Each structure stands twice: as C-alpha cells, then as structure tokens.
1. Considering only protein heavy atoms and a probe of 1.4 Å, how much of the accessible area of the protein assembly as shown is carbon and sulfur, as a whole percent?
2. How high is the relative contact order of the range B:369-447? Use alpha-carbon pairs under 8 Å, at least six apart in sequence, and give a whole percent.
3. Just add up the charged neighbours of B:Glu292: K/R +1, D/E -1, any other residue whose Cβ is under 12 Å from the Cβ of B:Glu292.
4. State in Å² the accessible area per residue of the protein assembly as shown; use a 1.4 Å probe, count heavy atoms of protein chains only, and round to the nearest integer.
5. Relative to the present Cα-Cα distance, how much length would full extension add between B:Asp144 and B:Asp389 at 0.36 nm per residue of separation?
6. Using the beta-carbon distance between A:His361 and B:Ala233 and R0 = 51 Å, what value does 1/(1 + (r/R0)^6) give for FRET efficiency, to the nearest 0.05?
7. Taking a ≥ b ≥ c as the square roots of the eigenvalues of the Cα gyration tensor of the range A:73-165, is the shape rounded (a/c under 1.5), prolate (a/b larger than b/c) or oblate?
8. When only alpha-carbon atoms are used, what values of Rg and Dmax, in angstrom, describe the range B:51-170?
Amino acid sequence: MPTIQDIAAYAESSAKKLGISKYDVYGSSVDETSVQVDKGDPKQVKASNRSSVIVRVWNADGKVGVTSTSDVDPLGMDLALQTAQEASAFGVSDHIPDFSPESVAPTADVQVETVPAAPVGDLISTLVDVEKQLLAAHPAIASVPYNGLAQRAIDRFYLNSAGALRHEARSYASVYLYSKTEQEGRKPRSAGAMRVHRGLPLLDIEGCLKEAAEKTISHLDYDKVASGKYRVVFSGEAFLSLLGAFSNMYNAQSVLDNRSLSTVDSIGSVVASPLLSVYDDALHPENISVETFDGEGTPTRRLPIIEKGVLTQFLHSAGTAKRMGASPTGHASIGAKVSVSPSYYQVLPGAEASSEFSLEHAENVIFIDDVQALHAGVNALQGSFSLPFDGWLVNGGSRTSIESATVAGDFRDLLKAIVHVEPEAEITPGGICPRIWVDALSITGEG
Amino acid sequence: MTVAPFPTPLLKTNDLLQRDYAAPRDRFDSAWEATLSTLLGLGRAAGADFVEFFLERNNYISCQAEDDAITSLSPRLVTGAGVRVFRGKADCYVSTNDLTFNGLKAALDKALAIMGLTLPGPHTHLAEINLELLRDYATAKGKDDWLAQCSSMQEMGDVLLAANGALGQRASHVQSRRAVYFRDWQEVLVAASDGTFARDIRLTQSVGYNLLCADGEHRSSIGQRAGDTSDPAFLRDWDYATAAADVAESAGKMLYADYVESGTYPIIMANKFGGVIFHEACGHLLETTQIERGTTPFIDKKGQKIAHENLTAWDEGISPDAFGTIDMDDEGMPAQRTLLIENGVLKNFLSDRAGSMRTGHPRTGSGRRQGFTYAAASRMRNTYIAPGDYSLDELFASVEKGIYCKQMGGGSVGPTGQFNFAVSEAYLIENGQVTKPLKGATLIGEATEIMDKISMCSNDLDLAAGFCGSISGSIYVTVGQPHLKVDSITVGGR
C-alpha cells in the first residue's frame, strides 16, 4: 500500500486537477492472517492485505459528496474524488458536515505497542495443540467445530485540506474456541470462549482453553426451565451486548433522527437504577483496539454516559455536536451521513450496593452468561428484546444448565430494575463490566 | 504412430520477467487468459494440487431518504482478487487489492508458502494451464450495458423522495420514515487449474421502507424491502405506493399491540419471508460446510425421512430476477436447481468445491462469497418450501388457539441445531379467526424437531429477498414458502 504521505500527495494532485479546494480522507490498510483447524489438521488458512479510503469533497455550493474506494493509487484517487464530486450535487443542504473543529487538536499521548506478526506455522501449531487439549478435557467433547486464531496489523489515518494529518498503527491477535459435546441419548451442547490481545505472544490462550472447556462441561447436565418471571444475573459480556444493542439511547445522531429511545431533552433524566454508571473510553488501558482519533480526526476521550442512573452525555460527531451546542466526543465515522458509535464501555457501580447479593447463596436465580441472535431478537427502536441465551438456573450455589430458553423485556425497564452491580468487573473485548442483577425478567423455557 | 506435440508452450520461469502481462484493470475478459494461465501454471509447478483465482470489480451505491430529504448518497468502488491453493484436502486463501501480474504473483507466493510450497526456481520449465474458452455469461446475456442502464444519482433521489412522500401521506403517528436503496454491480472472473475460465456480471438491487411510529409509550417499527437481480429498471419501476400502504397499515396495527404471552402454540406462518424458518432451521444444516464441521444433525441422513411427509423443498439459482439468482457461482460453475427434500426425505446437500472434495457430495453450483476477501463456501441461493394441497382457509380452520406470524424478522441457527427467529408482525388466532395484533414474539426450537411439525402447506408459494451472513460473508438470498402450519413451537415473549 502507498504510504499516507503518498496518499496525501495523490489526493492533493487529484483535487487540484478537478478543481476541488476542500476535501478530507480517512483510510486504513489491513494485513491479516487467520487459521482454523479440524481434528489436528489446518482447515483453512486465510491471509489478506488490503486497503481502502473514503474521501469527502465540498463543491462550490458547500455541499458534500463522498466515495470510498479500495484503489489507492493515483488513478484510483482520481476516480474516487471525481465520483465524490459528482455525488456532491446531491449532498444535504441542511446541517452540512464540516471538518471537525478538533481535527488538528492534540490527541492523547498513548503509546500503543504493536507486536510483529508470528509465522503462520506458529499459528497453526498453536491452534492444533489447543484443539487437542480441548478435545481431551472431557470425554463428551467430540469436536471443536468453530475455532480460529488470527492476527492483524492495522494502519489508519485521517487528513484534510486544512492541514490535518493523523496516523496510527496497531496490531492484535485473537483466538476463539467453540466446542460441542455428544452423549448417547442426550442433546448436543456447546459453548465457547474468546480472547484478544495485541499479538500472539500476549494472547491468553490458556485462559480461553480453560473457559471454553469449563463452560462446555457445565452445560452437559441440562434441564428445561419453567417459564415465568425470574431474578436474572447478567454476566459482564451479556450486559454489554444489551447495552450495545440499545446504544441509540445515547447516540446523538439517533436522537436527532428521531430514532432513539431518548430525545434532545433527555440529558439529566433518570434512565437507570442509581446503582449503574456507564462510561465510554476508547483510551482505556484494557482496550486492545485503542484509537486516539475518530473518523473525522477528533481526539477520543473518556466520556460519562450514565452516572448513578442519570443520562449525562450523548456520543457526538462534529455535526451533531454543533447542532446540539456540545463538543464532538471522538465517536464519528465519516460517510455521506456521518455516523456515531461507541468505542469501549466501562460499566461501574454507581451508588454503593448491598452485599446481600451473592450467586453462592442465591435461590432460583437465572445466570445469563451470553445472549444470542441480537440481530433478530432486539427491536432497538421499540426498546424491546426477546433473546435466546446460554445460562444456568442457580440454587444455593449449584448451577443447572438451561436447555433452551429466551429472556424478554424492555431495556428501559431493565435498567431501572437493576438491583445490584457487583464490584468486580469482567474484561471483555468490547468493554469492562461487572455482573448485573435485575429483578423480574420474563424467561420462556422450551416445551 | 504419431507423437502429439506438447499441449502447451513451455516457458522457463525466468522468461516471465520479459513477458508483458498487463491485463486490463477496468474489464475482465479473455485478455486475462495469459496472465491467469501462467499464474495457475506457476502454482501447479510449485506443487499445489489445485489453484483458483477469483477477480472482482464492484461498483456499489446506496441512497437514503429521511423524511423529505436525501441524507446519504454513498458510492463505493472496489477492486480485488483472491487466490485459493489446495494441497490434498487442506487449503489456503489469500486476497489482495493489487491486480497487477506481480501483485497476483505475490498473493500466490504467499498462499504457496503458507501451504509449505515455494515458487519454482529461475530455470524451471513451466506449463501454462490450458483454460477453456471464456464462458462469458455477461456478454452472452447482454449484461455489459446494465450499469449504464441503471438509475442515475438524480433518479435515485427523485424516486426515494417521492416514495417517502407517499409513506408520509399513508402513515399516522410517524416518528421517522426512511426509504433506502442500494445497487450492487459486480463483475467477476474465475480461473482455475482444472481449466475453468468464466466471467459474469451481477446486478443486485434492493429498495424499501423503514417506518417508526410512536404514540406516547406505544411504538412500532416496520421494515419492508423488495429485491431484484438483473433488472436495471428495478428502481424506476418500484411500486412504492403499494409498498407504502402495506407498511403504513402494518405499523398502524402493531402500534397498540399487546406483547405476546410466552408459551407453546400452533402457528401459521405467512408465505414469502416466512421461509426464513426453513432457511435457518434446515437450509444451513444442508450445507456441506456444516457437514465438514460436524454441526448438522442431518450428516448421515441422505435418503432418510427428516421432515413431515407433506414437505418438499428446493434450493436453486435460476428463478428469473430472484435475489439469490446467479448464472454461475463464485467458482465458475453454472447455477442449477437442487432438490433438497422430497416428501420429507432428504435428497441432496448444497456443496461447493472444497465441500465436495471433503465430504464426497457432488458440487451443486453453490460456492458463494460476499467478495474477494472471502473464499467461496457452500451457501444457499433461492431456497423455498414447495406449495402444498391445502387452502389458506383449511390452515386457519385447523387452529383453535395459536399465532399467525405474518411478517418475520431475522433469525439464526447454532452449532447444535437450535434455531430462533423474531416475528415482527403477529396476530392471535382464536377458533380459526385472526383476532388481535401481538408483538415481541421470538420462535425457538430444534431443527430436527420442527421439521416434522410442519404438517400443512397451502398452495400460495411466494418468495422474498433477504441477506444471509455466514462463513463466506453476507450474500443475497431468497427465502420462500407457501403459508404453512407448524403444529407446535415455543414462543418466547413476556
């Protein structure tokens, strides 16, 4: 891939040729390798080296046009800018996007360690060994149908015709293991685990293996659960899945589009139990995908979203911030319509909670480890969800795996029905979050 | 006796440096033969058992109207290639943006190295691969002008604004209304060391609505999409007035709907997108990808009864204009019709090249992928349950208390065969009559169990466009079925 300086030069040259005086470019290049194995042999090895940029141009009327392209040589940049110029005739005339006022502001001084890629042979041999160990962990574990070990190096940049020029690189590796059981007269069961870090040598493969094995084994002795209302405990990962699915609640673009559970007046309103506080922090030390600037070049930062149950802040792009009299928060992705999205959640206890809650002593509590099929079971515009889950019925410290069931409710009600936020947080790829206890959620068991 | 000459010219690898391999970047045609046959020969000379190149050019654009303004017009231009190398039954896939000879050679080199092979040395004799005469589905079927015939940016905007205006007039309690459209033009070229050499152009378009209505705490959101392949005039011919009326009516009915009471019910599923039940509960489990992973309960059930005797199902790529229709798959094999289940008996699996090699099931023209960054895998095309002999009235009359699932949301199936899918528009059935609207229903079950409970199919088969995400990315598919009855299924609700 050409260097960022090359791309900047191509863009400048093309823009001059086309009579474009105002433009910006966001781009990235990815070099990745992934492997899967099947019963001791490599199943498929994939490698990819690709790049892409998205360009915005402002025409003489001030309207914006956008084009993305994977051709980042001079010809490709010519075509992209030309197409964007053509598209600019149909750009919005209200609330026209502009450069972020913070596109040249200093970014956080974060030293991101990049780890050199490991040889493919090392990836394969590591995964073959892990698969072997997982198969040996219990006689019922018959296969590891979904597994993978991947490494990726990413370079990303932002530049604009006003002189902004940002660039950063990072690397990460990930492993996932999803094992399946077979037992005579019993239904197959499955469970998995995943780990992410900045490179293969840092990856907690042992932890992933142990978690996958323990979870799979814990689901062997399953039973149906009676339908009804239960006190439910969400794992950190499960709660973060729900929080992400309903992120329109604190997304300024969704609010302005009237496609949110909040309105422009919702800041300051009570949206959750005072036991809950939620932050978004792309710079969090546990965030493997740390980014110091967003797609508009705005520096990222830690942002309080919900503090002790009160909605305190929306996530903003430069455009939404201008419209709502706020500052951009570093959550934008450029496009014909700039979108806004969270980076890395940090969920913490708000008000001090009672110590009476303990999974060791709880009676008739459902512990939900993972919710599934969010694309199908969440209606983010209505606030409702109905989701299959992996979990256990917990009674006096003993856990019985639940055969097949769904949890359903309204997310706004769920936030207010939180009765306990545990002090110990779980670290996940999408954020850190403790177990969250919620009262009276509907559970439907199969049968 | 005569001795035949060498079937192909023999090159020495160091002669490659003097060759001009500048194939055109802006068109995939027979001018690519020399480049690709040489690269394939290099791969075979290195010791690969099979080598395949997949080249792609993509010109995509999406457009969105919100309320009475065009808020997004997003063109995307993509060029890339992938090379797949097999050694025995193991394979490797490497993709790149670089379509020069040296770029493709570098990708091949990387794939070979991963498989423990190396490009031949400078003085090795090299046999180019004899490729078949280019099978050019694009030119043969007059597709080369499709892109130029599609709606311009101006027309996209005009149609969507008019459509959104129509929706605004039809719907009440509107909180937001969106009309969305995309056009995906894709040119592909496949060349493989077995001589495969084929080109195609695919034109996939989709247009639809997303409506959110609100009245106090009551909310309803209804989406509807139409999809098409191969009709450049699709957008300008879209009957948005009818679509607006349908969406507005559904949203109005669901606005004040009660949440469904969870439990086990008989259900009647509507035709068209109701077919997602078969797609999730059975279709995925008939892909050889699932056999390879051991994640299908149907692995050894070919020739055996796996469904109710009233159920017959197909997967094919040939229905005119359907969203999953392809003239050839992404491995260059012509599309075909595949009988999956006949009167409850499993007849065939869906197989790509690798799946066929590893499981023994014959290829079915089902090797599909989102784009050049993915290796092809066995995927569905247009998948549907065949019409039955019952009338719609007979289906409803057989239900004393149940749920009519008129419009489905998305769904998924897990590695143990457990599936789920959401119902976006549902109604209570009491004594054979549709009574009140219900919302929040999710259907859950086991594939092996549900297939035997689809006991009645009506005679009104219809298809609907959808998107399917799996191992080789997100692809365009059709689901379909007639109205059908499931004797009992678990419904998650409140």
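1. On the protein assembly as shown, the fraction of accessible area on carbon and sulfur atoms equals 49 percent.
2. Result for the range B:369-447 is 25 percent.
3. 0
4. 37
5. Gain in length upon complete extension: 83.9 nm.
6. 0.15
7. prolate
8. According to the Cα coordinates of the range B:51-170, Rg and Dmax are 22.4, 75 Å.
The values are calculated or read from the model by the stated rules, or taken from the named source; none is laboratory data. All values reported here derive from a predicted model rather than from experimental measurement. Backbone-built Cβ (ideal geometry, glycine too); neighbour counts: all protein chains shown. When the accessible area is computed, the model is the full protein with side chains, heavy atoms only, and any ligands, DNA or RNA have been set aside. Shrake-Rupley method; radii C 1.70, N 1.55, O 1.52, S 1.80 Å.
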